[in-house]
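The numbers here are math on the coordinates, done by the rules we state, and not lab data. Given the structure is predicted, the values throughout are model-derived calculations rather than measurements. Cβ placement follows ideal geometry from the backbone for every residue including glycine, while neighbour counts extend to all protein chains displayed.
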Amino acid sequence: MQSENWTSVSRDLRTIALLNPRLALLLARGQPMSPRSYKIPLRWDTSAAETLIENHLQERMYQDAWITEVKASWFIPNLARGNSYRPVILDHAQRSYGAEVVVAMRMEGPDRKEITNGMVPLIDVVSNNIGDSSLMNKANVIGHDQNLYIEAMNLRAWDPATEVPIVVTITMNMLELSGCNLRSIGFDEAVCGLKKLGIYPE
């Protein structure tokens, strides 16, 4: 598993070095990583447009973890109930809803960080819709002493008969960085180390 993880990130190491030198240095040194997934459900029980809801990671983080992928799955129990084409309708709905929900993501703890810098369409965040996940290119690490918060809002009113309740579950796939603390590595120290390894772009 370690070699697979390394192969998957080595191609992007120079980009990661610019975005998060501390993370890049640990990756370049072959930091042991373990895959983990965390889920954050977001539930609407009202049909009103622009209803703001919020949730956060319920599990405690024991290691710093690099967010590598963000996915969304939808649960809409009343949509097309009894219709023989329900699977097709649900698939289409899940794709279109990604543009009808906006989200803001942030980390809180000793260091607060905005991930999305305000509300953005969910479709621009997750990797199982059109395009690649924008978050995957930002080298975001959630610290063991931080928590991840998501605010979400529906841009249109849900149909109370067919679309309520509606639940979108955000799945955060991460690689836990075993036995390390990124905050203990100085920024200049990380850049210097990457330059010595010939990884930091000049």
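Of the trypsin sites (Lys or Arg not before Pro) found in the range 64-120, those that fall in a DSSP loop while having at most 12 other beta-carbon atoms within 10 Å are Arg81, Arg112.
Phi angles across the range 76-82 convert, under the Karplus curve 6.51 cos²θ - 1.76 cosθ + 1.60 with θ = phi - 60°, into 3J(HN,Hα) values of 10, x, 9, 6, 6, 4, x Hz, Gly and Pro given as x.
For the chain, the 222 nm mean residue ellipticity estimated from helices alone, with every DSSP H stretch of n ≥ 4 adding -39500 (n - 2.57) and the total spread over all residues, rounds to -6500 deg cm²/dmol. For the range 34-179, the relative contact order works out to 49 percent when only alpha carbon pairs closer than 8 Å and six or more residues apart are counted. With the convex hull of its Cα atoms as the shape, the chain has an orientation-averaged projected area of 12.4 nm².
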